[in-house]
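Participant: Pasting a structure below so you can have a look.
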Amino acid sequence: MKKTNAILGCFLLLLLNACTKEISSNNNFTPYTGNPLNDTAWVRTVTGDAAIYALADTIFQRNFFVDSFDLTKEAKLEYGDSLEVEIDANSFFAGTGGGPGGGGPGGPGGPGGTLDGKAKIEILRLQKKGDFIKAYRPNNSFGYPLETAGGFFIRVSKNGQELVLNPGSKVKINFSDIAEPVNNMQVFYGRETFPFPMGALDSAHTWIREVDTSWIKTFSKQTNTGYIKGYKLEASHLRWISAHRYMDSTVAKTNIYAILPPNFTNKNTQVFTVFNNNRTVLAMQSDIGSRSFMTGNIPLRSKITLVSISKIGLDLYLGTKVVNDVGTVINYSISPEKKTLAQILDYLNAL
């Protein structure tokens with residue numbers, strides 16, 4: 001009898017230990033009664049109620065500069081020594097919004113109409129690689145990697161109605177960069193298929209190069225806080241605006257794949273490729289056939305870090321995988337760990 005009780009005790013101890021395990025390994029899966037970790041299904045179309053949409057809204061930090069200006073007068077808006085926005089008088093009309101790739105809400109009206117009074121301007125600035133992840137605006141143009149010198153979301157509105165730049169009008173954005181300026185950056189605009197702020201996640205977002213492919217001018221000047229260098233970007237469209245350049249197209253490239261435990265699917269997980277030596281972040285797309293996340297056009301020999309962010313139930317997960325030499329292997333396993341929102345943001349802010 002004592003022997004039977006001892007065997008039963010050992011069985012119960014093993015069962016309790018199994019119940020404390022949070023996620024399965026890449027090759028094994030442990031079911032959990034009534035737990036969303038049980039859902040291992042991938043889908044061809046991710047619907048709007050999927051956890052990745054709530055995840056995007058949770059991660060996206062809406063740290064806007066909010067200001068106002070007179071529509072009939074020239075305006076120069078300054079935000080410290082690192083950002084200056086210049087707007088010409090009578091530059092806006094009440095239109096349908098957006099830019100070359102589609103855009104946001106607007107109203108009736110057309111170019112040439114006179115608007116007066118005060119307008120509201122909202123500016124979101126993207127500088128670090130982690131900023132582009134938090135904003136879910138990766139650095140690619142139709143699948144081709146871009147290197148960035150920074151980006152912005154700029155919206156102008158009057159009485160809640162979004163305004164559009166008149167043809168021929170431009171907004172000048174002078175900004176210092178966190179890296180030494182280079183001479184071959186160009187203006188890109190974000191193509192929106194799910195216009196912000198309806199939601200942070202727009203999986204089809206891509207950057208479209210300005211028709212005028214001139215290099216963005218650089219500047220250097222002495223300020224009260226020291227000597228700064230930066231860019232003088234002129235935007236003919238608002239909303240998502242960036243300074244980008246294409247990465248070297250002559251280098252041999254490959255596809256790479258990120259493999260996660262079965263619980264981490266395209267309904268609850270986003271995976272990003274972060275370049276170590278370039279300010280470039282790419283979003284990896286779900287590959288249904290292999291149940292993995294993939295991206296193409298990765299230059300061989302690149303040093304990258306794969307970053308996965310997931311929301312399963314009420315829990316958040318972060319996974320990372322450092323790759324020092326792309327090409328030797330193209331399939332990489334990631335083992336996410338449960339993290340708080342603050343821990344995930346701290347990691348992204350340090351990228």
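The values are calculated or read from the model by the stated rules, or taken from the named source; none is laboratory data. In this text the structure is predicted, and so the values were computed from the model without any measurement. As a convention, Cβ positions derive from the backbone with ideal geometry for all residues, glycine included, and neighbour counts pool all protein chains shown. With ligands, DNA and RNA removed, areas are computed over all heavy atoms of the protein, side chains included. Shrake-Rupley method; radii C 1.70, N 1.55, O 1.52, S 1.80 Å.
Participant: Does segment 125-207 classify as rounded, prolate or oblate by the C-alpha gyration tensor (a ≥ b ≥ c root eigenvalues; a/c under 1.5 gives rounded; else a/b over b/c gives prolate, otherwise oblate)? Intermediate results must be reported in sequence, preceding the final value.
Facilitator: Working: a/c = 1.70, a/b = 1.20, b/c = 1.42.
Cα axes put segment 125-207 in the oblate bin.
Participant: Could you sort E337, E147 by their accessible area in this structure, using a 1.4 Å probe and putting the largest first? If you can, show how the numbers build up before the last one.
Facilitator: Numbers: E337 105, E147 35 Å².
The ordering from most to least exposed comes out as E337, E147.
Participant: What is the magnitude of the charge dipole of segment 157-310 about its Cα centre, with +1 placed on the Cβ of each Lys and Arg, -1 on the Cβ of each Asp and Glu, and no other charges, expressed in debye to the nearest 20? Write out the running numbers ahead of the final one.
Facilitator: Values: 17 positive and 10 negative charges, 50 e Å.
The dipole of segment 157-310 has a size of about 240 debye.
Participant: Could you provide, to the nearest whole Å², the per residue accessible area of segment 145-288 with probe 1.4 Å? Mind dumping the intermediate values first?
Facilitator: On the way: 5730 Å² over 144 residues.
Per residue, segment 145-288 has an accessible area of 40 Å².
Participant: OK, next. Report, in listed order, any pair from K128/K338; K73/K128; K129/K338; K172/K303 with a Cα-Cα distance greater than 30 Å. Please report the intermediate quantities before stating the final value.
Facilitator: Details: K128/K338 24 Å; K73/K128 33 Å; K129/K338 22 Å; K172/K303 35 Å.
Over 30 Å Cα-Cα: K73/K128; K172/K303.
Participant: Determine how large the accessible area of M198 is when every protein chain is in place; take a 1.4 Å probe and give Å² rounded to the nearest 10.
Facilitator: Result for M198: roughly 140 Å² accessible.
Participant: For segment 305-347, give the percent of accessible area contributed by carbon and sulfur heavy atoms, probe 1.4 Å, rounded to a whole number. Show your work: numbers first, answer last.
Facilitator: Working: 1020 of 2030 Å².
In segment 305-347, the share of accessible area belonging to carbon and sulfur is 50 percent.
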